[in-house]
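Since the structure comes first, as structure tokens, the remarks are kept for the end.
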Amino acid sequence: MACEHKDFKALVDVHRLTRGEDGPVYAWTCDIRVRCLDCGLPFTFPGLANGISSHEARVSVSGEVLNVPMKPQDQEHFEFFTGFNVRHTQC
């Protein structure tokens, strides 16, 4: 019988991006992973581009990690950081 995926575990890692070791924080990101507690199968996040961005959500190449930029609610703007895109190509 196939798993019905009724129970989940979500892991969220928050990252503070700094300029050099112990430098000032200029941006924040979080990585989100979700697995089924019953069978251990990871969930993926379809419909998003691969990579990391300072202004929109992206996913890892495997699709299993949602990479999301974030900022404190009281901060009106934040500094953009250099991200990257991954494009799929045919061989």
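The values are calculated or read from the model by the stated rules, or taken from the named source; none is laboratory data. All values reported here derive from a predicted model rather than from experimental measurement. FYI the Cβ positions are ideal-geometry reconstructions off the backbone, even for glycines, and counts take in every protein chain you see.
Which ones in the stretch 1-31 are assigned to a loop (DSSP other than H, G, I, E, B), of a type in the set (A, V, I, L, M, F, W, C) and modelled with pLDDT under 90?
First, the residues of the stretch 1-31 that are assigned to a loop (DSSP other than H, G, I, E, B): 1-7, 19-24.
Okay, now just the ones that are also of a type in the set (A, V, I, L, M, F, W, C), so 1-3.
Residue satisfying the conditions is M1 alone.
When the residues of the stretch 52-63 are filtered to those that are outside any loop (DSSP other than H, G, I, E, B) and β-branched (V, I, T), the one that is surrounded by the fewest Cβ atoms within 10 Å (Cβ to Cβ) is I52.
Among the residues of the stretch 41-51, is there at least one that is in contact with a strand residue (DSSP E or B) (Cβ under 8 Å, 6 or more places away or on another chain), crowded, with 16+ Cβ neighbours inside 10 Å and not in a loop (DSSP other than H, G, I, E, B)? Yes, some residue in the stretch 41-51 is in contact with a strand residue (DSSP E or B) (Cβ under 8 Å, 6 or more places away or on another chain), crowded, with 16+ Cβ neighbours inside 10 Å and not in a loop (DSSP other than H, G, I, E, B).
Against the list (1) surrounded by 15 or more Cβ atoms within 10 Å (Cβ to Cβ); (2) out of contact with any Pro (no Cβ under 6 Å at 6 or more places or on another chain); (3) over 30 Å from C3 (Cβ atoms), the condition L66 fails is (3). One residue stands out among those in the stretch 1-36 that are among the basic types (K, R) and more than 18 Å from the chain's Cα centre (by Cα): the one that is nearest to V68 (Cα to Cα), which is R19.
Working only within the stretch 21-39, note down all residues that are surrounded by fewer than 16 Cβ atoms within 10 Å (Cβ to Cβ) and touching a residue at least 40 places away in the same chain (Cβ under 8 Å). Matches in the stretch 21-39: Y26, C30.
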